[in-house]
Amino acid sequence: MRVFKNIHSAFLAAFTVIIVPVTAVFVWISFRFTEESILENSQKYVSQLVEQVNDKVDFYLDYMDNTSWMLLFHSDVGDYLSREFTDDTQKKEMAAGIADQFSNILSTRSDIYCIAAYGQNGRLVVNGGDEVINRNTNISERSWYKSALEANGETVITSSHVQNVIYDRYPWVVSVSRAVRVPGGEKPVGVLWIDLNYNAISDLCRSIDLGSRGYIFVLDQDGQIVYHPQQQLLHSGLKDERISDVMEMGSGHFLTDPDVKKAKLYTCSRSESTGWTVVGVVDATELFKNEENAKRMYLLTAILLSIAAVVVSLILSGYMTRPIRALKNSMREVEQGNFRVTGPILKDDSEIGKLGRSFSMMVDKIQILMEEQIKEQKLKRRSELKALQSQINPHFLYNTLDSIVWMAESGRDEEVVIMTSSLARLLRQSISNEAEFVTVEQEAQYVSSYLTIQKMRYRDQLSYEIEVDPSIRSKKMIKMILQPLVENALYHGIKYKEEPGTIRVRGFMQGDRMILEVEDDGIGMDEEQLAHIFDRKEPDERSNGVGVRNVQERIQLYYGKEYGLTYASEKGRGTTVRVNLPADCEGAGLKLQ
Amino acid sequence: MKRLMRYRIWLIVLLVLSVTGAYLFSTLQAEPDPKMRIICILKTTERNGFWNSLTEGIEAAMEEYDADVRITGPDEESDVEQQNKIIRDAVAEKPDVIVLAAIDSNLTMPAALEVKQAGIKLVLIDSGLKDHIEDAMVGTDNNRAGVRAGALIQRLMGKDGKLGIISFVRNSLTAIDREEGLKSAVGEDNSNVYDTVYCDSDEQRAFELTTQLLNEHPDITVLAGLDQYSSAGAARAVAQLGLSGRVKVVGFDNSKEQIKYLEEGIYEGLVIQKAFNMGYLGIEAAVELAQGGHVPMNRDSGSVLVTKDNMYIGIYQKLLFPFQEE
């Protein structure tokens with residue numbers, strides 16, 4: 001799949017593909033976490049508060065229960081409610097005594113509205129005895145009274161109701177009542193009760209802050225509302241409360257809606273001693289009010305992070321791929337044959353850095369190898385040529401020896417001597433001298449020996465002149481330059497001529513160059529021949545294999561391209577070959593080192 | 001330029017992200033909607049039983065709907081002039097809705113009209129106006145409340161009983177409705193009903209009128225008071241004249257004094273209004289109007305008949321003795 005045009009884009013895409021989902025997951029988790037932790041925290045918080053309220057209510061009611069128990073056993077309530085009095089003052093005294101005890105307790109507790117005892121016989125003691133009794137009330141008809149009688153000595157806690165026992169007062173109270181029994185009596189003789197100000201309970205619940213839409217309410221054991229901040233709304237049927245849910249739950253918490261954000265959180269705590277349930281209600285919309293902002297903050301952060309990530313990716317991927325691109329460019333250079341590039345120089349130790357360095361090293365090595373190859377080739381060629389230059393054409397040798405034999409037979413001793421000595425000199429020069437370089441003098445002598453022999457063979461057909469400027473005689477040059485040229489001039493120029501021919505060899509300085517010239521007046525060459533003078537030729541039996549091409553090649557191998565042979569020729573008029581050599585011939589040879 | 005083109009997809013990605021970010025940021029500090037402003041003008045600022053419950057209902061709704069409600073009214077329930085002045089002051093404040101308990105169905109009309117002319121929504125509670133200019137009305141269905149009382153009265157009167165009615169304000173629609181309802185329940189021909197007397201919402205006047213009525217017509221067996229003051233005055237007269245048991249009284253409302261008479265047995269029954277509901281529903285209607293919602297023209301906040309036998313039982317106890325904030 002070729003989606004990306006280059007590594008840079010691929011990196012960028014990879015970064016983005018990784019970073020964006022990671023950010024998204026992060027945001028999602030944050031969302032979830034916030035939601036859960038908000039809910040969990042508020043559950044904990046609310047249940048703590050609710051339990052606290054429950055404990056306080058328990059404590060209250062427990063206290064009342066204890067008080068009523070104490071009053072029952074440490075006062076004459078039972079006695080007073082059951083006894084037949086003959087003496088009215090005694091009855092009054094007893095009532096006053098009980099009322100005293102009641103008022104003792106009342107004076108320490110402002111949350112108690114009234115402490116009272118009512119007998120089946122209609123006797124009533126209320127508080128300190130100085131309250132005006134509501135004559136129109138019928139206590140024995142009230143439900144709380146009846147249930148206390150039925151409970152047979154057990155404490156009965158009655159949820160909020162209106163207490164009308166005192167004239168002109170109709171407060172809402174919570175009653176803790178207990179049937180009064182006398183020893184031996186089968187039925188209770190009356191009821192002792194303590195009315196707790198309803199406000200004591202409602203203040204307790206109201207003091208708890210559960211947010212502006214949160215509240216606490218209290219249910220009694222039958223699911224009747226003891227306290228609810230909106231009880232009027234409930235009574236009027238304008239609102240519903242989830243009483244049955246709460247009664248089912250007992251202690252614990254539940255949400256009114258599966259969607260947490262629309263739900264209300266109900267936290268219930270049921271008291272074991274009273275059976276009352278304190279319920280804390282928290283509106284989730286309020287809990288999550290700040291969550292929306294928090295979520296937006298998360299999202300914003302995530303987006304900023306993503307932007308930063310993309311920007312950083314742009315920079316980073318550019319940075320990371322820069323060496324690769326540089327490497328690619330230098331590879332292209334190498335592809336085009338430029339081994340001079342060294343490749344990107346990378347200081348870092350990354351794979352790409354190493355790759356770059358390896359590439360550089362490789363290119364360097366290739367270059368070295370190539371240079372060595374060239375050098376080797378040159379050396380090889382040189383030794384080949386060296387081998388060639390030391391050879392004397394065997395045909396030439398036979399012919400010369402034939403000539404000597406022939407001359408010896410015809411008794412031309414003097415000529416034999418000259419020819420033999422010339423041949424000997426020629427051979428010595430070619431065999432003994434291992435050096436590549438000879439003096440111009442020596443080269444000239446060699447040519448001279450050669451020409452001497454040839455002149456004797458060709459008799460009158462050949463004449464020659466050698467003129468070498470004395471100033472260059474001692475200068476050095478590579479050997480076997482002149483002889484092949486002379487041989488060429490003889491075999492290709494003079495030999496085919498009817499009349500006798502002349503070969504002139506000259507040597508002189510021209511500027512900083514040393515010029516050697518071989519001039520013949522032979523048949524000459526046309527332009528066609530001249531153009532192919534340096535072409536490779538199969539060595540034939542008459543040539544010593546050291547052709548013009550080889551001479552040229554050798555000179556240029558030793559001294560460079562700017563030196564070598566130049567031919568000038570005219571058909572029928574002869575040929576002149578000019579050897580250009582550096583003045584300091586031997587020194588120039590250093591080039592090969 | 002070519003370089004730019006190469007990265008254009010990334011530039012687009014960045015742009016999209018930035019725009020989204022900017023949008024989110026702008027929504028971050030959204031201002032909460034301003035609260036709706038409601039001015040509630042009652043017949044009196046006096047916090048007795050009925051008005052107290054009603055005010056509590058208003059306050060409960062205020063909390064429930066998170067509305068800005070200001071409660072005001074004249075010092076005296078009969079002070080039409082002062083209430084009209086308060087209405088005009090309220091109009092000048094340009095609230096979203098004015099909730100009004102009109103003292104007089106006729107005399108309050110001009111001021112109420114100014115409310116409508118100022119483009120302010122008008123919700124009436126408790127008492128209606130002569131012309132139906134209001135956007136919504138929440139109150140006791142007085143005719144029905146009258147019927148409740150009348151049903152009991154009819155039973156108390158039997159075949160030969162005679163009924164005396166003490167009403168409060170002659171032109172009050174409330175009084176008229178209650179009386180009509182009551183009379184319709186008592187019987188088809190009202191030959192056994194004496195002419196209605198008016199105490200002008202004054203308990204002492206009611207007491208005097210009742211005493212006078214009983215003296216003039218000793219054959220009266222049942223008395224009906226049509227509001228708190230007339231009922232209380234009638235009960236006091238019966239108690240003071242020692243006619244308790246012989247003349248039975250049926251009244252309206254639930255002041256503490258009345259509750260005592262109920263316990264005493266002077267009242268056979270009291271029709272109590274759900275004042276809390278009235279206040280609550282009045283504000284509810286006002287809030288819905290302010291939000292541009294549709295509200296039924298008339299809403300009955302309800303009434304209930306409490307007798308001596310059920311006064312300490314369940315819902316009756318709760319309605320008769322509203323939880324007083326102390």
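The values are calculated or read from the model by the stated rules, or taken from the named source; none is laboratory data. These numbers come from a predicted model, not from an experiment. Neighbour counts are summed over all protein chains in view; Cβ atoms, including those assigned to glycine, are modelled from backbone coordinates with ideal geometry. Calculation scope for accessible area: heavy atoms of the full protein, side chains included, ligands and nucleic acids excluded. Shrake-Rupley method; radii C 1.70, N 1.55, O 1.52, S 1.80 Å.
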Pairs where the first residue, in the stretch B:235-252, is part of a helix (DSSP H, G or I) and the second is β-branched (Val, Ile, Thr), C-beta under 7 Å, 6+ apart: B:235/B:249; B:235/B:266; B:237/B:210; B:237/B:211; B:238/B:247; B:238/B:249; B:238/B:266; B:239/B:266
Subset of the stretch B:122-131 [free of Cβ contacts under 8 Å to residues at least 40 places away in the same chain and not hydrophobic (A, V, I, L, M, F, W, C)]: B:131
Single condition residue A:195 does not satisfy, out of (1) within 27 Å of residue A:165 (Cα to Cα); (2) within 10 Å of chain B (Cβ to nearest Cβ); (3) charged (D, E, K, R): (2)
Considering residues of the stretch A:8-20 that are farther than 11 Å from residue A:302 by Cβ and more than 12 Å from the chain's Cα centre (by Cα) only, the residue farthest from the other protein chains (Cβ to nearest Cβ): A:10
Residues of the stretch A:247-298 satisfying the condition of being small (Gly, Ala, Ser) and assigned to a loop (DSSP other than H, G, I, E, B): A:250, A:251, A:263, A:271, A:273, A:275
Test for residue B:161: is it assigned to a loop (DSSP other than H, G, I, E, B), more than 30 Å from residue A:172 (Cβ to Cβ) and touching a Ser or Thr at 6+ places or on another chain (Cβ under 6 Å): yes
Those residues of the stretch B:221-246 which are closer than 19 Å to residue B:185 by Cα and either among the charged types (D, E, K, R) or surrounded by 23 or more Cβ atoms within 10 Å (Cβ to Cβ) (or both), in sequence order: B:222, B:223, B:224, B:225, B:226, B:227, B:231
Enumerated strands (runs of 3 or more DSSP E) restricted to the stretch A:470-530, each holding at least 3 residues that are of a type in the set (A, V, I, L, M, F, W, C), in contact with a Leu (Cβ under 9 Å, 6 or more places away or on another chain) and in contact (Cβ under 8 Å) with a residue 24 or more places away in the chain: A:501-510, A:513-520
Among the residues listed as A:212, A:207, the single one being at the interface with chain B (Cβ under 9 Å from one of its Cβ atoms) and open to solvent by 20 Å² or more (accessible area, probe 1.4 Å): A:212
Every pair of residues 6+ apart whose Cβ atoms lie under 8 Å, when the first sits in the stretch A:433-459 and is within 13 Å of residue A:477 (Cβ to Cβ) while the second is open to solvent by 30 Å² or more (accessible area, probe 1.4 Å) and part of a loop (DSSP other than H, G, I, E, B): A:439/A:474; A:439/A:475; A:440/A:474; A:440/A:475; A:441/A:474; A:442/A:433
Of all residues making up the stretch A:94-136, the number that are open to solvent by less than 50 Å² (accessible area, probe 1.4 Å), without any contact (Cβ under 8 Å) to a residue 40 or more places away in the chain and under 16 Å from residue A:168 (Cβ atoms): 3
Residue pairs meeting the criteria (Cβ under 6 Å; at least 6 apart or on separate chains; first closer than 16 Å to residue B:91 by Cβ, in the stretch B:30-48; second of a type in the set (Ser, Thr, Tyr) and at pLDDT 70 or above): B:41/B:72
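Matching residues to (1) at pLDDT 85 or above; (2) open to solvent by 80 Å² or more (accessible area, probe 1.4 Å); (3) touching a Phe, Trp or Tyr at 6+ places or on another chain (Cβ under 9 Å):
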site: B:46; (1), (2), (3): no, yes, no
site: B:50; (1), (2), (3): no, no, no
site: B:71; (1), (2), (3): yes, no, no
site: B:75; (1), (2), (3): yes, yes, no
site: B:94; (1), (2), (3): yes, yes, no
site: B:98; (1), (2), (3): yes, no, no
Test: residue in the stretch A:23-34 that is outside the structural domain of residue A:273 (by TED's automatic domain parsing) and in a helix (DSSP H, G or I): no
In the stretch A:141-157, the residues that are within 13 Å of chain B (Cβ to nearest Cβ) and open to solvent by less than 40 Å² (accessible area, probe 1.4 Å): A:142, A:144, A:145
When residues of the stretch A:269-281 are limited to those that are open to solvent by 10 Å² or more (accessible area, probe 1.4 Å) and modelled with pLDDT of 85 or more, the one nearest to residue A:30 (Cα to Cα): A:269
Any hit, the stretch A:27-41, residues being hydrophobic (A, V, I, L, M, F, W, C), touching a residue at least 60 places away in the same chain (Cβ under 8 Å) and under 13 Å from residue A:306 (Cα atoms): yes
Subset of the stretch B:275-322 (residues that are within 14 Å of another protein chain (Cβ to nearest Cβ), more than 23 Å from residue B:70 (Cβ to Cβ), in contact (Cβ under 8 Å) with a residue 12 or more places away in the chain and not hydroxyl-bearing (Ser, Thr, Tyr)): B:300, B:302, B:304, B:306, B:308, B:311, B:319, B:320, B:321
Odd one out for residue A:452, checked against (1) farther than 20 Å from residue A:401 by Cβ; (2) surrounded by fewer than 21 Cβ atoms within 10 Å (Cβ to Cβ): (1)
Scan of the stretch A:215-240 for residues that are modelled with pLDDT of 85 or more, assigned to a loop (DSSP other than H, G, I, E, B) and open to solvent by less than 30 Å² (accessible area, probe 1.4 Å), ordered by number: A:220, A:223, A:228
Cross-chain or 6+ apart pairs with Cβ under 9 Å, the stretch A:42-57 first and closer than 10 Å to residue A:280 by Cβ and of a type outside the set (A, V, I, L, M, F, W, C), then assigned to a helix (DSSP H, G or I) and open to solvent by less than 30 Å² (accessible area, probe 1.4 Å): A:42/A:284
Matching residues in the stretch A:253-300 - criterion: being within 12 Å of chain B (Cβ to nearest Cβ) and touching a residue at least 40 places away in the same chain (Cβ under 8 Å): A:283, A:285, A:286, A:294, A:295, A:298, A:299
Residue list for the stretch A:178-213, restricted to those being closer than 24 Å to residue A:55 by Cα, of a type in the set (D, E, K, R) and part of a loop (DSSP other than H, G, I, E, B): A:209, A:213
Which listed residue, of A:337, A:343, is modelled with pLDDT under 80, part of a loop (DSSP other than H, G, I, E, B) and crowded, with 17+ Cβ neighbours inside 10 Å: A:343
